[in-house]
1. In debye to the nearest 20, how big a dipole does the chain give about its Cα centre with +1 on each Lys and Arg Cβ and -1 on each Asp and Glu Cβ?
2. Just the Cα atoms of the chain: what Rg and Dmax do they give in Å?
3. Just how much of TRP181 is accessible, in Å², when a 1.4 Å probe is used and the result is rounded to the nearest 10?
4. With every protein chain left in place, what is the accessible area per residue of the stretch 22-181 in square angstrom, probe 1.4 Å?
5. Please compute the contact order of the chain in relative form: average sequence separation of alpha-carbon pairs under 8 Å and at least six residues apart, divided by the residue count, as a percent.
6. Within the stretch 14-83, list the chymotrypsin sites (Phe, Trp or Tyr not before Pro) lying in a DSSP loop whose Cβ has at most 14 other Cβ atoms in a 10 Å radius.
7. Hand me the GluC sites (Glu not before Pro) from the stretch 209-310 located in a DSSP loop with no more than 14 other Cβ atoms within 10 Å, in residue order please.
8. Counting each DSSP H run of 4 or more residues in the chain as -39500 (n - 2.57), what helix-only mean residue ellipticity at 222 nm follows after dividing by all residues, to the nearest 500 deg cm²/dmol?
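The values are calculated or read from the model by the stated rules, or taken from the named source; none is laboratory data. Computed from a prediction, not measured in an experiment: that's the story for all the values here. For neighbour counting, all protein chains shown are included, and Cβ atoms are generated from backbone atoms with ideal geometry for every residue, glycine included. Areas reflect the complete protein model, heavy atoms only, side chains present, ligands, DNA and RNA absent. Shrake-Rupley method; radii C 1.70, N 1.55, O 1.52, S 1.80 Å.
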Amino acid sequence: ATAQAASEMPPIPEVDGPVAEGDGNDYTLKFSIGTTQSGAQYRGLEYFEDIVEARSDGHIQVELFHSAQLGDDLQAVSALQSGTLEMTSPSTSPLVNMFPEFAVFDLPFLFPTPEVADEVLDGEIGDRMLETASTNGLKALGWAENGYRQLTNSQNAVASPEDLDGLKVRTMQNPIHLDIWKTLGANPTPMSFAELFTALEQGVVDGQENPWITIQSSKFNEVQDYATESNHVYTPFITLVSERFWSRLPEGYQDLLSDAAKQMGDYQREVSRTLNDQIKQELMDEGMNITELTPEQVATFQETLSPVYDEWREKIGGELIDDIRAVS
Ligand code: EAX
């Protein structure tokens, strides 16, 4: 199924743009992500590699790593800070301890459509956040998407919070996600993405939540019979480079990496959105029991989660939330 999905991905665009001015030195750029080689994110990285190698005339060699080969999301970020890894693109959620503003992306049902997410991320708010995240040994270059998250589990179909009673759900390492699943009546456990497949397979947890593409590319459907199209959170990926590496680069190469990160983000989001519905259908065809929530059922989840919203609104600051709401 993954090979079939891959063949229907929008083709990687031709590289466009002049050769960047370098300094005669050669560089190696290792870029590592948590998701697998068959996902939309890796496909974006392949485009990034094409752009950077062509437009540096081979002076920057890009090496791609997937499936947390060089560490899970948080480990990869530390590796950037210590300078042992050049680039990564984690979900924003595990980074909230470092960048508290990112917590807005964890609020349930904040982004009604992907287009609203684009407007926020590619506009003033997103630019400001890239600046905020350009500290502590990191430089933030742009956005891509993990996407709308859906619940899967091994126990029963879930159409209402009651169906979640006591269900052991893995969450990202993020306090809002923990609150969301507690408030819904589940029994949440935070865990790194790298440990998740094994935890599901061994029944350490009953369920997890991720976008359809990530569910399929990580083969979670092989150990999860039930899914709910809940769309409860939209998760961005943030593209980060090590400040140690960045500061060694001539300006022409810095601009090239910025450009390439933006082009990757646009293309990766196109891939992600093209595949989203297609993969949901493939999962259904392969026998996964998928519950599509009615608007009324979604409203019940939203009402149940309103205390989470209220509590975090105060902690995050209402202004940022209102700014995002004003876009939609
Ligand atoms: O890199 O942890 C997760 O569930 C995310 O989807 C992960 O950050 C992907």
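1. On the way: 19 positive and 55 negative charges, 162 e Å.
Dipole about the Cα centre, nearest 20: 780 debye.
2. Rg and Dmax of the chain, Cα atoms, are 19.5, 63 Å.
3. Its accessible surface works out to 10 Å², give or take rounding.
4. Ligands and nucleic acids excluded, the figure is 34 Å² per residue.
5. It comes to 26 percent, rounded to a whole number.
6. Passing both the DSSP loop test and the Cβ count: no residue.
7. Details: sites: GLU209, GLU222, GLU229, GLU243, GLU251, GLU270, GLU282, GLU286, GLU292, GLU296, GLU303; in loops: GLU286.
Sites meeting the loop and neighbour criteria: GLU286.
8. Taken over the chain, the calculation gives -13000 deg cm²/dmol.
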